[in-house]
Amino acid sequence: MSTVVNPDLTASGNVAGRFGAYGGRYVPETLVAALDELEHAYAEAQADPEFHARLDALLTDYAGRPTPLYFAERLTEKLGGARIYLKREDLLHTGAHKINNCIGQGLLAQRMGKQRIIAETGAGQHGVATATVCALLGLECVVYMGEEDMRRQELNVYRMRLLGAEVRGVTSGSRTLKDAINEAMRDWVTNVRTTHYLLGSVLGAHPYPMMVRDFHRVISKEARRQILEKENRLPTAVIACVGGGSNAIGAFYEFIPDKDVRLIGVEAGGSGERLGTHAARFRGGAPGVLQGTYSYVLQDDDGQVALTHSVSAGLDYASIGPEHAALHDSGRAEYTAASDEQALEATVTLARTEGILPALESAHAVAECIRLAPTLGRHDILMVNLSGRGDKDMGILARELKLKGA
Ligand SMILES: *Cc1c(COP(=O)(O)O)cnc(C)c1O
């Protein structure tokens, strides 16, 4: 387990890329030049209309943007309170929001002349999105994955290989995500000249949290315009699940200046309150450094990273993006948690009222919506970011719901 260090003791910590006290860049000296190069290339790309034209064209014609903002009429009626809208990121190519970021970083890697992409993946969803974009752009792709995760996510391993990616099993430590991250970092240090590290959420050292957020901002850009078209007013609240926090920050971002719009992030409440049984960083986590950034981390009294649990692999991580840590401390966003049980129930409810099978991650946001909607009135609007579709979770659902007559 990596030790959480006090950032005041880290020499390279005092750099740009801060969200309040959080964020920064806590990496070995060997990676500082690569992160600087990435930061500059990204700034140039941001200012280049041609880059945006290519990105927009692929988001539209390849990924399927804009995604619909759907009025969930039967769910609204059933809950008897606020009007509920679903932002349908589940309808994107590969079935989740992750493709927004992968296309953006893939184009950036090409622009930087880097022909080799590395990534790490736990559940395999980010690995599949990365392998997809590498195939699309003709880039070499290596995905690191713990062998335990490979066993649990066999189908995604096969998908990645079918798409032409090399999946490298990691046998160190607990053979899960954090071990895969360590291996990917080692690869990057060695091959940094030819290789781009395609990070999958608003985590890691600067500029990743800012850059990944920007690639997902399109979610709230569209949603804000769409809700004004449909309702001629802004939502009461925007609700999104929070793993690393990329779909949530994408869904929140353009609403941050709209002070009357509540922003609600939903973490994985798992199976209990005890450390090790959940992944709710704002329920027992404390500030610390993990994998290059300073944010809330679930850790024990000795500062060792705690084990986490969630029925949804995509939310099962000990840290959270640094911008969420800042939004939490400032009070601009609220964070709550939904349990495994509530997420499973929400999946069944959404399936049976709307004919939509959400990803188990997204079902955490739906669960919060189900809790909140009846406490609000008919004039209120709840917008739920449906980050992904549930096809990938059928095995888990079949197992978990067997005894409940579902
Ligand atoms: C990966 C994933 C998440 C969690 O990642 P964030 O960075 O927190 O968005 C949420 N939903 C789905 C469908 C995912 O695949």
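All of the numbers you see were taken from the coordinates with simple rules; none came from a lab. Being a predicted model, the structure only gives us computed values, none of them experimental. Because the Cβ atoms are built from the backbone with ideal geometry, glycine has one as well, and the counts that use them run over all protein chains shown.
Could you pull out every residue, at least 5 positions away or on a different chain, whose amide H is within less than 5 Å of the one on V297? Hs are placed 1.01 Å off N in the peptide plane, and Pro or chain starts have none.
A286, G288
Does anyone have the angle between helix 98-111 and the longest principal axis of the chain? Alpha-carbon axes, 0 to 90°, nearest 10?
So the helix axis and the longest Cα principal axis differ by about 30 degrees.
Report, ordered by chain and residue number, the lysines lying within cross-link reach of K114, taken as a straight Cα distance under 28 Å and ignoring same-chain residues fewer than 8 apart.
Excluding near neighbours in sequence, the set is K98, K178.
Taking 0.36 nm per intervening residue step and subtracting the Cα-Cα distance, what contour gain separates D391 from S330 on full extension?
18.3 nm
Let me make sure I get this right: for region 114-214, a, b and c are the square roots of the gyration tensor eigenvalues over alpha carbons, sorted descending. Under 1.5 in a/c it's rounded, otherwise prolate if a/b > b/c, else oblate. Which is it?
Here region 114-214 falls in the rounded category.
If you take every DSSP beta bridge fully contained in the chain, what fraction is antiparallel? Give it as a percent rounded to 5.
35 percent
If one takes the longest principal axis of the Cα atoms in the chain, at what angle in degrees, from 0 to 90 and to the nearest 10, does the Cα axis of helix 218-231 lie?
Roughly 20 degrees, rounded to the nearest 10.
With everything on Cα atoms, drop me the angle between helix 340-354 and the longest principal axis of the chain, reported from 0 to 90° to the nearest 10.
60 degrees
Only counting other Cβ atoms within 10 Å, I'd like V32, V157 sorted with the fewest neighbours first.
Ranking V32, V157 by Cβ neighbours within 10 Å, fewest first, gives V32, V157.
Arrange the peptides 278-287, 202-211, 107-116 so that the one whose residues have, on average, the most other Cβ atoms within 10 Å appears first.
202-211, 278-287, 107-116
From Cα pairs below 8 angstrom and at least 6 apart in sequence, can you work out the relative contact order of the chain, rounded to a whole percent? Could the numbers behind the result be given before it?
Working: 861 pairs, mean separation 84.2, N = 406.
With pairs under 8 Å counted, the relative contact order is 21 percent.
Find the centroid of the Cα atoms in region 114-180 and in region 190-252, then give the distance between the two in whole Å.
Cα centroid of region 114-180 versus Cα centroid of region 190-252: 22 Å apart.
For L155 and A47, FRET efficiency with R0 = 41 Å and r from the beta-carbon atoms, rounded to 0.05?
For A47 and L155, the calculated efficiency is 0.50.
Most exposed first by the Cβ proxy, i.e. fewest other Cβ within 10 Å, how do M185, M394 rank?
On the way: M185 21, M394 11.
Final ranking by Cβ density, sparse to dense: M394, M185.
What ranking do T94, T190 get, fewest neighbouring Cβ atoms within 10 angstrom at the top?
Listing T94, T190 from fewest to most nearby Cβ atoms yields T190, T94.
Through the Karplus equation 6.51 cos²θ - 1.76 cosθ + 1.60, θ set to phi - 60°, convert the phi angles of region 62-78 into ³J(HN,Hα) values in whole Hz; use x for Gly and Pro.
9, 7, x, 8, x, 7, x, 9, 9, 7, 8, 5, 5, 5, 4, 4, 4
Rounded, prolate or oblate: which one fits the chain, using the alpha carbon gyration tensor with axes a ≥ b ≥ c (rounded when a/c is under 1.5, else prolate when a/b beats b/c, else oblate)?
Note, shape of the chain comes out rounded.
Can you work out the FRET efficiency for the pair L401 and R54, with r the C-beta to C-beta distance and R0 = 41 Å, to the nearest 0.05?
Working: r = 43 Å, r/R0 = 1.05.
It comes out at approximately 0.45.
By its C-alpha gyration tensor, with a ≥ b ≥ c as the square roots of the eigenvalues, how is region 104-144 shaped: rounded for a/c under 1.5, else prolate for a/b larger than b/c, else oblate?
prolate
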